[in-house]
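Asker: The structure follows.
The values are calculated or read from the model by the stated rules, or taken from the named source; none is laboratory data. If you're wondering where the values come from, they're calculated on a predicted model, not measured in any experiment. Heads up, the Cβs are rebuilt from the backbone with ideal geometry, glycines too, and the neighbour counts pull from every protein chain shown.
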């Protein structure tokens, strides 16, 4: 922890490399005038530039756009969309509803959580293989200590999004990366180990692509932040049009209560 002298030097001043604004004059975004130099930038391109400080090719931006689009499901039954929908049905604001839905989108076994752990797995696997270890041995070692994120999926182990994302990667000339090919090799090894349910899932493919684009786990994690966003507002809008309380109502008879039995309460006179 920095000492008092260091803290005193930070009082009343912000030292930053990412940018600043001067109301009424201009705004700077990572050394560029936001309005003069970057006003025609693609929004995702700007977003990535803000995260990483580097520029991406049009093909890379197209692929990363696709990662967001392909998983934008406007289904209020999905765990995070349900939060947005219930907010709309209870007459809460769209900002609060969608923000809450985004907040739970990085759960450990769904959404952003598996992607973060999956890109970490691929990068460690790449280091191990570069050091001479067989990929199969590395996988065996991983399985002894933890679950390999990016493989396996509840409800249906076959992920309907992978075909479309792989096709997009091929269209953009980004399907021959080291980690993208490794992702399929890992799946083949897992199936050969007698684990038929551990097919590659969306987190596995997108994290392999992210690793090939040179994203660090932290950068990839931030990139994933709005991945489900486009599917949330439709759920909020439709739920807000329904009568209040009409979305996913739960009858009391459907609740399995195992707590204290009904008790009689005697009033006390003071």
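Asker: Taking residue 198, is it within 25 Å of residue 107 (Cβ to Cβ) and surrounded by fewer than 18 Cβ atoms within 10 Å (Cβ to Cβ)?
Answerer: no
Asker: List the number of the failed condition for residue 215; all other conditions in (1) part of a helix (DSSP H, G or I); (2) surrounded by 15 or more Cβ atoms within 10 Å (Cβ to Cβ); (3) assigned by TED's automatic domain parsing to the domain that holds residue 148 hold.
Answerer: It fails just one condition, (1).
Asker: Is one or more of the residues making up the range 236-248 closer than 24 Å to residue 106 by Cα, surrounded by 14 or more Cβ atoms within 10 Å (Cβ to Cβ), touching a helix residue (DSSP H, G or I) at 6+ places or on another chain (Cβ under 6 Å) and in the same structural domain as residue 135 (by TED's automatic domain parsing)?
Answerer: Within the range 236-248, none of the residues are closer than 24 Å to residue 106 by Cα, surrounded by 14 or more Cβ atoms within 10 Å (Cβ to Cβ), touching a helix residue (DSSP H, G or I) at 6+ places or on another chain (Cβ under 6 Å) and in the same structural domain as residue 135 (by TED's automatic domain parsing).
Asker: All but one of (1) exposed (fewer than 15 other Cβ atoms within 10 Å of the Cβ); (2) in a helix (DSSP H, G or I); (3) touching a strand residue (DSSP E or B) at 6+ places or on another chain (Cβ under 8 Å) hold for residue 49; state the number of the condition that does not hold.
Answerer: (1)
Asker: With (1) in contact (Cβ under 8 Å) with a residue 40 or more places away in the chain; (2) farther than 26 Å from residue 165 by Cα; (3) more than 20 Å from the chain's Cα centre (by Cα) as the list, and residue 85 as the residue in question, which single condition is left unmet?
Answerer: Among (1) in contact (Cβ under 8 Å) with a residue 40 or more places away in the chain; (2) farther than 26 Å from residue 165 by Cα; (3) more than 20 Å from the chain's Cα centre (by Cα), the lone unmet condition for residue 85 is (3).
Asker: Taking the range 165-192 as the region of interest, how many residues are assigned to a loop (DSSP other than H, G, I, E, B) and either at pLDDT below 95 or exposed (fewer than 13 other Cβ atoms within 10 Å of the Cβ) (or both)?
Answerer: 2
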